[in-house]
1. Here is the link list: Lys52/Lys84; Lys52/Lys255; Lys34/Lys255; Lys96/Lys246; Lys34/Lys84; Lys34/Lys96. Which ones come out longer than 20 Å on Cα distance?
2. For Val72, what charge total do you get from the other residues with a beta carbon under 10 Å from its beta carbon, if Lys and Arg give +1 and Asp and Glu give -1?
3. So if each residue of separation counts as 0.36 nm, and I subtract the Cα-Cα distance between Gln149 and Tyr79, what length gain in nm does that give?
4. How much length is gained if the chain between Arg51 and Leu63 is pulled fully straight, taking 0.36 nm per residue apart and subtracting their Cα-Cα distance, in nm to one decimal?
5. Which whole-Hz couplings ³J(HN,Hα) result when phi for each residue of region 40-48 is put into the Karplus expression 6.51 cos²θ - 1.76 cosθ + 1.60, θ = phi - 60°, listed in order with x for Gly and Pro?
6. Using a 10 Å cut-off around each Cβ, can you sort Thr131, Thr25 from fewest to most neighbouring Cβ atoms?
7. Could you give the length gained on full extension between Ile10 and Lys193, defined as 0.36 nm per residue of separation minus the Cα-Cα distance, in nm?
8. Hey, with R₀ at 22 Å, roughly what FRET efficiency would Ile134 and Glu204 work out to, going by the Cβ-Cβ distance, to 0.05?
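Where a number appears in this text, it was derived from the coordinates with a stated rule and is not lab data. Here the structure is a predicted model, which is why all the values come from computation and not from measurement. Note that we place each Cβ from the backbone using ideal geometry, even for glycine, and neighbour counts take in every protein chain shown.
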Amino acid sequence: MKKKMINSQISNFKTYNMYFRQMLTLAENVFEFKNLPEFVDVSFLNKNLLRKGSVAFFEEKDLGLIALPYNVIGTLDVYGRPNKIEVYGENSFHRKLNRDEYVLMYDNNGRYPLYLDICQMAERIALCVRTIDINMIHQRTPRIWKTSQDKLLSVKKLVNNIDAMEEDVISYDSLDIEDLNAVLAPAPYVSDKIDLHLRELWAEFFRLIGVANLQEQKRERVIIDEMIASQGGTIASRFSRFEPRKNAVEKINKKFGANIQVQYYDGEPTTEPEKEGEDDVSNVPTLPVSTEHTKIGD
């Protein structure tokens, strides 16, 4: 395999992994859990919900209430729920549990891992970015040299010296300048069009994980009703991911006497306590928003 091809494939792979990691991180951190037992690792919980689609909450001696991934054992009930499972940890811990010993928490109402969808979307986003990179590189005027076969090495050496910014004047007794022809044909610039498609892909990803995204509007004025209607897919995705968590938390609290709470994270990270006397906006429904060049009229 040629060296340039290897470098290109490595760049493609690195670009895909970069966006894949970023998208996984975003998808894992849109929920906020409160009053979880101290031993429960929230990042591990979110990671397995996204990658496996569900986790099991149960009580373990000396550890209390914990959450771990599991494998199904035996048969399912009429709704496809497991009658018996075997939970496992990262340290080779495993334990078989009957149905009355655990509560399952699903990532979404479809009960499938969003991990597979994110893999697909990361691949498409990486393809757009790498295409933009290549198109930008091709804006440099490409030089196609035409010469005879016996002058090939001489022309290559000449071009390499020019690219290396050599100050020496090089002459070749056997090189006839009439044997050289250069074709200058830069590629058309399409990065701006691909960038628009890239924004649409990011908006689709944000819709998938339930984060509102306001894309650039060409019109000067945007009606509020139109903005709300455009977020319909986001609200549906949000409900699909939030509802199974809420139902699981209610069952966990009832079964194990816990006081866990879950909500979409709508605030901004801060270490400053809220000031007393400020208006209470806790009941105002909001969506986490990723804004890209939003233009809204007065």
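1. Details: Lys52/Lys84 17 Å; Lys52/Lys255 24 Å; Lys34/Lys255 17 Å; Lys96/Lys246 25 Å; Lys34/Lys84 28 Å; Lys34/Lys96 28 Å.
From Lys52/Lys84; Lys52/Lys255; Lys34/Lys255; Lys96/Lys246; Lys34/Lys84; Lys34/Lys96, over 20 Å: Lys52/Lys255; Lys96/Lys246; Lys34/Lys84; Lys34/Lys96.
2. Numbers: positive: Arg81, Lys84; negative: Glu86.
After counting each charged neighbour, the total is +1.
3. Working: separation 70, 0.36 × 70 = 25.20 nm, distance 7.29 nm.
Contour length minus Cα-Cα distance gives 17.9 nm.
4. Values: separation 12, 0.36 × 12 = 4.32 nm, distance 2.44 nm.
Value of the extension gain: 1.9 nm.
5. 6, 8, 5, 5, 5, 4, 5, 4, 6
6. On the way: Thr131 15, Thr25 12.
Ranked by crowding around the Cβ, least crowded first: Thr25, Thr131.
7. Values: separation 183, 0.36 × 183 = 65.88 nm, distance 2.52 nm.
Full extension of this stretch gives 63.4 nm more.
8. Details: r = 23 Å, r/R0 = 1.05.
Given R0 = 22 Å and the Cβ-Cβ separation, E is 0.45.
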